[in-house]
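Only the coordinates and a few stated rules stand behind these numbers; no lab work does. These numbers come from a predicted model, not from an experiment. Glycine also receives a Cβ, built like all others from the backbone with ideal geometry; neighbour counts cover every protein chain displayed.
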Amino acid sequence: MIAKRIEEDIVLGRRQPRERLVEQDLCDLFQTHRGDVRLALFELEKRGLVERIPNRGALVRGLTPLEVEEIYAVREELEVMAVRIIPFPVGHEDIERLEQLQRQHTAAVAAGDLLTVFYSNLSFHQVLFGLCGNACLIETIDLLAQKVYGIRSYANAFPESLDRARRDHLDMIKALRGSRRDDLVALTRRHLKPSPEAYIKAYERRFGKAELAPAH
């Protein structure tokens with residue numbers, strides 16, 4: 001529960017990159033002892049959301065632009081791989097499940113409920129990529145997505161980004177229903193762009209420009 005609460009604060013931008021996570025403050029906040037807090041921080045460190053620095057303690061992990069670029073380059077290739085091997089036609093029940101999740105996402109966007117936006121978006125993509133049937137690929141996609149939970153809030157702060165994500169989901173469902181794989185691949189690539197772009201802009205405003213990896 002403690003790890004989940006801290007994770008949600010990171011996802012919603014309540015805790016910023018490089019912000020210190022002081023154990024005693026967390027003990028007071030959650031009314032618990034240091035052992036529970038340390039276990040929670042260890043779990044978040046394993047997920048890539050928290051880092052420990054000698055003599056400073058735990059911090060919200062602050063990804064550099066280069067790290068973000070590298071993670072998203074791998075995410076794009078893996079997610080495209082997943083949608084390329086989804087067996088067509090997709091079953092009616094699977095389409096219905098995606099439509100149900102997208103209704104939740106649409107309602108959350110309209111209500112400004114960013115936590116439900118996050119979870120419904122997460123579930124949508126887990127179901128989508130789960131259709132590929134490759135357990136190793138699905139697990140790897142999930143692990144990489146976890147590493148960048150902390151940058152989601154940067155794009156979600158802009159209503160146009162939320163609306164674009166909503167429209168992308170609807171178009172993905174249409175592509176699945178029509179067995180249009182090329183459209184699904186293009187949408188998968190496009191859908192990944194807003195979060196890293198927004199994060200890198202915010203990072204450079206705060207810390208200055210950093211050199212990114214050369215294009216290949």
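Taking the condition of being surrounded by 13 or more Cβ atoms within 10 Å (Cβ to Cβ), of a type in the set (Lys, Arg) and in a loop (DSSP other than H, G, I, E, B), how many residues in the range 179-210 meet it?
Selection size over the range 179-210: 2.
Specify the residue that is surrounded by the most Cβ atoms within 10 Å (Cβ to Cβ); the eligible residues are those in the range 85-106 that are part of a loop (DSSP other than H, G, I, E, B) and free of Cβ contacts under 8 Å to residues at least 60 places away in the same chain.
The selected residue is Ile85.
Could you list all residues from the range 127-142 that are in contact (Cβ under 8 Å) with a residue 12 or more places away in the chain and not charged (D, E, K, R)? Spell out how you get there, then give the answer.
Looking only at the range 127-142, we keep the residues that are in contact (Cβ under 8 Å) with a residue 12 or more places away in the chain, and these are 127-129, 131-134, 137-138, 140-142.
Matches in the range 127-142: Val127, Leu128, Phe129, Leu131, Cys132, Gly133, Asn134, Leu137, Ile138, Thr140, Ile141.
Out of Gly112, Gly48, which single residue is among the small types (Gly, Ala, Ser) and surrounded by 13 or more Cβ atoms within 10 Å (Cβ to Cβ)?
Gly48
Can you name the condition, by its number, that Arg61 falls short on among (1) touching a helix residue (DSSP H, G or I) at 6+ places or on another chain (Cβ under 6 Å); (2) buried (at least 18 other Cβ atoms within 10 Å of the Cβ)?
Here Arg61 clears every test but (1).
Taking the conditions exactly as written (of a type outside the set (Ser, Thr, Tyr), crowded, with 19+ Cβ neighbours inside 10 Å and part of a helix (DSSP H, G or I)), does Leu41 satisfy them or not?
On the way: of a type outside the set (Ser, Thr, Tyr): yes; crowded, with 19+ Cβ neighbours inside 10 Å: yes; part of a helix (DSSP H, G or I): yes.
Considered against the rule, which asks whether it is of a type outside the set (Ser, Thr, Tyr), crowded, with 19+ Cβ neighbours inside 10 Å and part of a helix (DSSP H, G or I), Leu41 comes out as yes.
So Leu187 ticks every box in (1) in contact (Cβ under 8 Å) with a residue 60 or more places away in the chain; (2) over 14 Å from the mean Cα position of the chain (by Cα) but one. Which box is left unticked?
Only one criterion in (1) in contact (Cβ under 8 Å) with a residue 60 or more places away in the chain; (2) over 14 Å from the mean Cα position of the chain (by Cα) is unmet by Leu187, namely (1).
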